[in-house]
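K.L.:
Okay, here's the structure, questions in a sec.
We did not get these values from a lab; they are worked out from the coordinates using the rules stated. Being a predicted model, the structure only gives us computed values, none of them experimental. Positions of Cβ are generated from backbone atoms using ideal geometry, with glycine treated the same way; all protein chains shown enter the neighbour counts.
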Amino acid sequence: MKKILILFILLSFKGYSAKIDFNDPNFKSKLLLEKVAKDINEKYIIIDQNNDKEIDENEAEKIFYLDISNSKI
């Protein structure tokens with residue numbers, strides 16, 4: 001019974017990704033815009049892929065390049 005419970009707990013966390021907290025709201029706002037981030041293939045990507053206005057660890061891991069120039073951050 002304990003093995004089943006442990007397996008259930010582990011499976012319930014599958015796909016869980018922690019939200020990233022930003023101290024600078026201007027920085028977060030910039031990251032939520034289009035044409036800011038590129039992936040490893042140098043293609044523009046939208047960071048907030050699930051459109052929840054938050055950036056989680058899974059979304060952040062896909063970023064290879066950020067252009068935040070002219071942002072006054």
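K.L.:
Can you give the net charge of the other residues whose Cβ lies under 10 Å from the Cβ of Asp52, counting K and R as +1 and D and E as -1?
P.N.:
With Lys, Arg at +1 and Asp, Glu at -1, the net is -2.
K.L.:
How much net charge surrounds Lys38 when only other residues with a Cβ under 13 Å from its Cβ are counted (Lys, Arg +1; Asp, Glu -1)? Could you put the intermediate results ahead of the total?
P.N.:
Numbers: positive: Lys35, Lys43, Lys62; negative: Glu34, Asp39, Glu42, Asp67.
Around Lys38, the charge tally is -1.
K.L.:
Provide the per-residue ³J(HN,Hα) series for the range 24-41, in order, calculated from phi with Karplus coefficients 6.51, -1.76, 1.60 and θ = phi - 60°, each as a whole number of Hz, with x at glycine and proline positions.
P.N.:
Ordered by residue, 3J(HN,Hα) equals 10, x, 5, 5, 4, 4, 5, 5, 7, 7, 7, 6, 10, 10, 10, 8, 5, 8 Hz.
K.L.:
For Asp56, what residues show an amide H to amide H distance below 5 Å, using hydrogens built from the backbone and excluding near sequence neighbours?
P.N.:
It is Ile20, by chain and number.
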